[in-house]
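For reference, the structure discussed in these notes is given below.
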Amino acid sequence: MSAFVPITSFVRSASCRLTWKGSPRVLQLLTPNPAGLTCVLAAGKKDLINLPVLVEDELEEQFVRGSGPGGQATNKTSNCVVLKHIPTGIVVKCHQTRSVDINRKRAREIMREKLDVAYKGDLSEVVLKKKESVLRKQEKRRKANENLERKRLFKDALAADSKPGSDTV
Amino acid sequence: MWTRLLSTSYYRCFECRSGGPKGIWRSRAVHTCSTPALPAGKITPLQAVSLWKRHFEENGVTEPEQSSQYIIAHLLGAKTIESLEQERLTQFLSREQTEQIWKLCTRRLSRMPVQYVIEEWDFRDLILKMRPPVFIPRPETEELVELVLTDLQMKNVSADAQHTCLEVGCGSGAISLSLLKSLPQLKAIALDQSQDAVDLTRENALRLGLQDRLQIHHIDVIKDAETLLRIIKPVSALVSNPPYLFSEDMASLEPEIFRFEDPAALDGGKDGLKVIKQVLTLAPQILSNHGRLYVEVDSRHPPLIRQWVEANVHALQFKETRHDITGRPRFCILQKE
């Protein structure tokens, strides 16, 4: 499941093509928005190249598997993964699936995002994506209002035309 | 109008403790311990989880909370309770949903593994159908697949190179299907001495659309060794999670296992090495030169296997032992010279 960010006017203005062959490429566009700020847009899978790389030695992993012999002798279903980043103390808990392997991988993806926020604050991918999404929503709202306004004016104009002798200002 | 289960309709609990080989077949007749009455009014998923957690605890069912959560999440169309929105968890369940929850949770009361109760489970990025008595894949085995994948990817399993892997004891098909999913150019041959396992593997292969690259054979690697060697060509990789428990350990297995899973998928004989030794013996004839054998074993096995191979299978070289996520020695990798 790729976190595909629909790119509308930005893509058209930058005239780039997105290709999805093999692993989705990360598309980054630096483009000045109306307010004059620069936005970094990223499209593709969650493992964006700008996220910090994890060092396994700095991680502590914990999952319940019991003290017995393990393997075929046990059938425990607890496969929640708890991942701790020792230097920062950040803890990620993941129980999205029933596969330990996948939960471990997802926990690491989430950890990378959290570390990104911790290290870069406002410049982290997560925060930037949020800002970009807020801006897009504002843009949408503005356009919607514009459309409504235009329709209203058109309606008024029609109404004025259809009433002979009325004042048209 | 659905009738409310009265206390007079509680069943007696038939604890099926016969540990003999046929014991598991009688588990079908195990009646439920005191199923709680269906609630008169509406309840939310969270309330259902709480209710059944308590009920499992009262009846000595292991992993009471997880069992309850997995079953209810499954009925709500999710894998885990954590992946559901809080909003959904506090919305009332329909009558049908509630009855379904009661039906499934009641199965768990007989210590039926959750995987059999909901008839599916995850293995790496696959969802596999589960059905007793076919062996339920363990989390450790996901790592076995990673080991094989790493090596095969290095060997460059590309469009040019046709690689085939053979799996002994495929069970539900977890290992083979997982490899096929991750390596689109790979072909696989899966064997099992159990017809139930062969059938389930076929079913899973079809569900995942991987049947074109998978051959499945109902073969006992000990009894039908000659047949096996006749029908296959040398392969690049031989993978197995064979029965490796010591016979004496079979008696102390938890009810989830001894009542419901095929003992033939678990019992490796006195030293747990019965099937492993046969796989090691046949490996040089199954593998192409420099082909590798990856086998999941009991933690006590690696040094024993190394010794035995050095003395008995000169064409095989013991390469390394790898540990599982819990730190136990779990996988042996050997290579054909």
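The values are calculated or read from the model by the stated rules, or taken from the named source; none is laboratory data. If you're wondering where the values come from, they're calculated on a predicted model, not measured in any experiment. For neighbour counting, all protein chains shown are included, and Cβ atoms are generated from backbone atoms with ideal geometry for every residue, glycine included. We work out accessible area using only protein heavy atoms, side chains counted, and drop any ligands, DNA or RNA first. Shrake-Rupley method; radii C 1.70, N 1.55, O 1.52, S 1.80 Å.
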B:VAL295 versus (1) within 13 Å of another protein chain (Cβ to nearest Cβ); (2) at pLDDT below 95: which is the lone unmet condition? (2)
Residue tally, condition more than 14 Å from chain A (Cβ to nearest Cβ), under 19 Å from B:GLU120 (Cα atoms) and of a type in the set (Val, Ile, Thr), over the stretch B:72-110: 2
Check the stretch B:210-222 and report whether any residue there is under 15 Å from B:LEU126 (Cα atoms) and either free of Cβ contacts under 8 Å to residues at least 24 places away in the same chain or in a helix (DSSP H, G or I) (or both). yes
Mind checking whether some residue in the stretch B:62-71 is open to solvent by 30 Å² or more (accessible area, probe 1.4 Å), β-branched (Val, Ile, Thr), without any contact (Cβ under 8 Å) to a residue 60 or more places away in the chain and more than 10 Å from chain A (Cβ to nearest Cβ)? no
Could you list, in sequence order, the residues of the stretch B:190-209 that are open to solvent by 10 Å² or more (accessible area, probe 1.4 Å), touching a residue at least 12 places away in the same chain (Cβ under 8 Å) and not aliphatic (A, V, I, L, M)? B:ASP192, B:GLN193, B:SER194, B:GLN195, B:ASP196, B:ARG202, B:GLU203, B:ARG207
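Can you tell me which of A:VAL100, A:VAL117, A:VAL134, A:VAL92 is under 24 Å from the mean Cα position of the chain (by Cα) and open to solvent by less than 40 Å² (accessible area, probe 1.4 Å)?
Numbers: A:VAL100 fails: under 24 Å from the mean Cα position of the chain (by Cα); A:VAL117 fails: open to solvent by less than 40 Å² (accessible area, probe 1.4 Å); A:VAL134 fails: open to solvent by less than 40 Å² (accessible area, probe 1.4 Å).
The conditions single out A:VAL92.
Would you check if there is a residue in the stretch B:192-205 being more than 14 Å from every other protein chain (Cβ to nearest Cβ), closer than 27 Å to B:ILE127 by Cα and assigned to a strand (DSSP E or B)?
Quick first cut of the stretch B:192-205, residues more than 14 Å from every other protein chain (Cβ to nearest Cβ) only: B:192-205.
So of that shortlist, the ones also closer than 27 Å to B:ILE127 by Cα come out as B:192-205.
Within this subset, residues satisfying the condition of being assigned to a strand (DSSP E or B) are B:192.
Taking every residue of the stretch B:192-205 in turn, at least one turns out to be more than 14 Å from every other protein chain (Cβ to nearest Cβ), closer than 27 Å to B:ILE127 by Cα and assigned to a strand (DSSP E or B).
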The residue that is nearest to the other protein chains (Cβ to nearest Cβ), considering only those in the stretch B:312-337 that are acidic (Asp, Glu) and assigned to a loop (DSSP other than H, G, I, E, B), is B:ASP324
Which condition number in (1) away from chain A (no Cβ under 14 Å); (2) at positive phi is the one that B:GLU57 fails? (2)
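Can we say B:GLU167 is modelled with pLDDT of 95 or more and under 13 Å from B:ASP125 (Cα atoms)?
Working: modelled with pLDDT of 95 or more: yes; under 13 Å from B:ASP125 (Cα atoms): no.
It is false that B:GLU167 is modelled with pLDDT of 95 or more and under 13 Å from B:ASP125 (Cα atoms).
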Consider B:LYS79 against the criteria (1) in contact with a Lys or Arg (Cβ under 9 Å, 6 or more places away or on another chain); (2) surrounded by fewer than 17 Cβ atoms within 10 Å (Cβ to Cβ): it satisfies all of them except one. Which criterion is unmet? (2)
Can you say whether B:GLU57 is farther than 23 Å from A:THR97 by Cα, of a type in the set (D, E, K, R), in contact with an Asp or Glu (Cβ under 9 Å, 6 or more places away or on another chain) and not in a strand (DSSP E or B), as far as the supplied structure shows? yes
What are the residues in the stretch B:298-311 that are among the charged types (D, E, K, R) and away from chain A (no Cβ under 14 Å), if any? B:ARG306, B:GLU310
Checking the structure you have, find out if any residue of the stretch B:110-126 is open to solvent by 10 Å² or more (accessible area, probe 1.4 Å), modelled with pLDDT of 95 or more, in contact with a Pro (Cβ under 8 Å, 6 or more places away or on another chain) and more than 17 Å from A:ASN103 (Cβ to Cβ). yes
Subset of the stretch B:289-337 that is among the hydrophobic types (A, V, I, L, M, F, W, C) and under 30 Å from A:LEU59 (Cα atoms) - its residue that is most open to solvent (accessible area, probe 1.4 Å): B:ILE325
Checking B:LYS187 against (1) within 17 Å of B:GLY291 (Cβ to Cβ); (2) under 16 Å from the mean Cα position of the chain (by Cα); (3) open to solvent by 10 Å² or more (accessible area, probe 1.4 Å); (4) not hydroxyl-bearing (Ser, Thr, Tyr), only one condition comes out false. Which one? (2)
Could you tell me which numbered condition A:SER124 fails, if it satisfies all but one of (1) more than 29 Å from B:ARG138 (Cα to Cα); (2) polar (S, T, N, Q); (3) within 14 Å of another protein chain (Cβ to nearest Cβ)? (3)
In the stretch B:229-285, the residues that are in a helix (DSSP H, G or I), surrounded by fewer than 19 Cβ atoms within 10 Å (Cβ to Cβ) and within 11 Å of another protein chain (Cβ to nearest Cβ): B:ASP249, B:MET250, B:SER252
Considering every residue within the stretch A:120-138, establish whether at least one is at pLDDT 90 or above, farther than 27 Å from A:ILE49 by Cβ and assigned to a helix (DSSP H, G or I). yes
Within the set of pairs 6+ apart or on separate chains, which have a first residue in the stretch A:59-87 that is outside any loop (DSSP other than H, G, I, E, B) and crowded, with 19+ Cβ neighbours inside 10 Å, a second that is at pLDDT below 90 and not polar (S, T, N, Q), and C-beta atoms under 7 Å apart? A:VAL81/A:PHE63
Considering only residues that are open to solvent by less than 60 Å² (accessible area, probe 1.4 Å), within 18 Å of B:LYS53 (Cβ to Cβ), of a type in the set (Ser, Thr, Tyr) and over 23 Å from the mean Cα position of the chain (by Cα), which ones fall in the stretch B:88-109? B:THR98
Considering the stretch B:268-325 alone, what residues qualify as being in contact with a Lys or Arg (Cβ under 8 Å, 6 or more places away or on another chain) and charged (D, E, K, R)? B:ARG292, B:GLU296, B:LYS319, B:ARG322, B:ASP324
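Output the residues belonging to the stretch B:127-150 that are open to solvent by 30 Å² or more (accessible area, probe 1.4 Å) and more than 8 Å from chain A (Cβ to nearest Cβ).
First, the residues of the stretch B:127-150 that are open to solvent by 30 Å² or more (accessible area, probe 1.4 Å): B:127, B:129, B:131-132, B:143, B:146, B:150.
Correct list: B:ILE127, B:LYS129, B:ARG131, B:PRO132, B:THR150.
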